[in-house]
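**Student:** First the structure, which I've put down as structure tokens, then a few questions once you've had a look.
The values are calculated or read from the model by the stated rules, or taken from the named source; none is laboratory data. The structure displayed is predicted, hence computed values, not measured ones. Heads up, the Cβs are rebuilt from the backbone with ideal geometry, glycines too, and the neighbour counts pull from every protein chain shown. Heads up: the accessible areas ignore ligands, DNA and RNA and are worked out on the full protein's heavy atoms, side chains in. Shrake-Rupley method; radii C 1.70, N 1.55, O 1.52, S 1.80 Å.
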Amino acid sequence: MPRSQPTVAALHRTVPVYRRVLAVVAHPDDESFGLGAVLGAFDAAGVETSVVCFTHGEASTLCGADGDLRQVRAREFERAAAVLGVARSQMLDYPDGRLSTIALAELDAHVARVARDAATDVLLVFDEGGITGHPDHRRATEAAVSAGRAVGLDVLAWALPEETARLLNAEFGASFVGRPDDELDVRLPVDRRRQRRAIACHASQSMNNPILWRRLDLLGESESLRFLHRGPAESRRDQ
Ligand SMILES: [Zn+2]
């Protein structure tokens, strides 16, 4: 895969050489709309990717699609994960919109268990603040950080540059949470074509989503990451 070479080099320059990454998200579509380009970059670099999603996204609507919302969203999630090259995907049944009412100990124990089963060496999450400010996103990240601390794993967050968040908030009246440059640890070159194909799998959620397309345009061909937790040094494989 010649296209993967620049991505491999970039990954190895900027982050430890991971073997297996587990993405921890709140909703089906977060893995694509949010983490899609990063998961695609990891996969292209030969890093095995897995996703655990806490809810079925049942608080949303079908936006005109036919069928049972939970089943439609589960199928969309599976297809998108396949497009992104995800080796294992798991959708849990916690309540969409009310993830913060679930005990952190229950959520983090689940993440720790899945991470152990998948022999994960890094957790990938939305930034603290949840990117869009959604409480479910923040809770999913809290659970992953708590699990990362408990089992000694790096936790890497997908984050928005401050200027991107500022523009989106100004144009759409949104509540995106961005980070200044000095809080961003990695600038990762990405190829968005696969992410866009994964997004298209979530037809019930992506058809009328101008803020998503604008964010992808503003971010261009890179994503930003920051460490929320570093595991013990001896367990890392820094180069
Ligand atoms: Zn979400």
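**Student:** With n ≥ 4 as the cut-off for DSSP H runs, can you work out [θ] at 222 nm for the chain, using -39500 (n - 2.57) per run divided by the number of residues, rounded to the nearest 500? Please list the in-between numbers first.
**Tutor:** On the way: 10 runs with 104 residues, N = 239.
The helix contribution divided over the chain gives -13000 deg cm²/dmol.
**Student:** Using a simple charge model, +1 on the beta-carbon of Lys and Arg, -1 on the beta-carbon of Asp and Glu, nothing else, what dipole does the chain show about its Cα centre, in debye to the nearest 20? Before the final figure, lay out the partial values.
**Tutor:** Working: 29 positive and 34 negative charges, 110 e Å.
In total the dipole reaches around 520 debye.
**Student:** Using +1 at the Cβ of each Lys and Arg and -1 at the Cβ of each Asp and Glu in the stretch 88-239, identify which of A105, S206, V190 lies farthest towards the dipole's positive end.
**Tutor:** Value computed over the given set: S206.
**Student:** Now, a different point. Evaluate the distance, in nm, between pseudo-label points positioned 7 Å from the Cα of R230 and of V17 along their respective Cα→Cβ axes.
**Tutor:** About 1.9 nm separates the two model spin labels.
**Student:** Taking only Cα atoms and a 10 Å spring cutoff, compute GNM fluctuations for the chain and point out the largest among A170, A144, A87.
**Tutor:** Of the options given, A170 has the highest mean-square fluctuation.
**Student:** For D217, D121, D154, give me the order by solvent-accessible area with a 1.4 Å probe, most accessible first, ignoring ligands, DNA and RNA. Mind showing how you got there, number by number?
**Tutor:** Numbers: D217 100, D121 25, D154 5 Å².
Order by accessible area, largest first: D217, D121, D154.
**Student:** OK, next. Collect residues whose amide H, placed 1.01 Å from N in the peptide plane, falls under 5 Å from the amide H of M91; neighbours closer than 5 in sequence don't count.
**Tutor:** C53
**Student:** Accessible area per residue for the chain in Å², computed with a 1.4 Å probe and the full protein assembly in place, what is it? Kindly include the intermediate steps, with their values, before the conclusion.
**Tutor:** Numbers: 10340 Å² over 239 residues.
Value returned for the chain: 43 Å² of accessible area per residue.
**Student:** Just how large is the dipole of the stretch 63-195 about the Cα centre, in debye to the nearest 20, putting +1 at every Lys and Arg Cβ and -1 at every Asp and Glu Cβ? Intermediate values should be presented prior to the final figure.
**Tutor:** On the way: 17 positive and 23 negative charges, 88 e Å.
In total the dipole reaches around 420 debye.
**Student:** Which cross-chain or sequence-distant (5 or more) residues have an amide H under 5 Å from the amide H of L160, H modelled 1.01 Å from N in plane?
**Tutor:** The list, which skips near neighbours in sequence, is R179.
**Student:** Enumerate the calculated ³J(HN,Hα) couplings along the stretch 104-114 in order (Karplus 6.51 cos²θ - 1.76 cosθ + 1.60, θ = phi - 60°), each rounded to whole Hz, writing x wherever the residue is Gly or Pro.
**Tutor:** With coefficients 6.51, -1.76 and 1.60, one gets 4, 4, 5, 5, 6, 5, 5, 4, 4, 5, 5 Hz.
**Student:** Another question about this same structure. Can you give the charge dipole size of the stretch 100-151 about its Cα centre, rounded to the nearest 20 debye, using +1 on the beta carbon of Lys and Arg and -1 on the beta carbon of Asp and Glu? Could you put the intermediate results ahead of the total?
**Tutor:** Numbers: 5 positive and 8 negative charges, 18 e Å.
My answer is approximately 80 debye.
**Student:** As an exercise, identify the GluC sites (Glu not before Pro) in the stretch 161-221 lying in DSSP coil whose Cβ has no more than 13 other Cβ atoms within 10 Å. Walk me through the numbers before you get to the answer.
**Tutor:** On the way: sites: E162, E163, E171, E183, E221; in loops: E221.
Qualifying residues, ordered by number: E221.
**Student:** Using a 1.4 Å probe over the heavy atoms of the protein chains, calculate the carbon and sulfur portion of the accessible area of the chain as a whole percent.
**Tutor:** On the way: 4990 of 10340 Å².
That fraction is 48 percent.
**Student:** For W213, W158, give me the order by solvent-accessible area with a 1.4 Å probe, most accessible first, ignoring ligands, DNA and RNA. Write down the numbers at each step before the final one.
**Tutor:** Numbers: W213 85, W158 0 Å².
Descending order: W213, W158.
**Student:** Right, another one. If I stretch the segment between S175 and R88 completely, what's the gain in nm (0.36 nm per residue apart, minus their alpha carbon distance), one decimal? Please report the intermediate quantities before stating the final value.
**Tutor:** Values: separation 87, 0.36 × 87 = 31.32 nm, distance 3.16 nm.
Fully extending the segment from S175 to R88 adds 28.2 nm.
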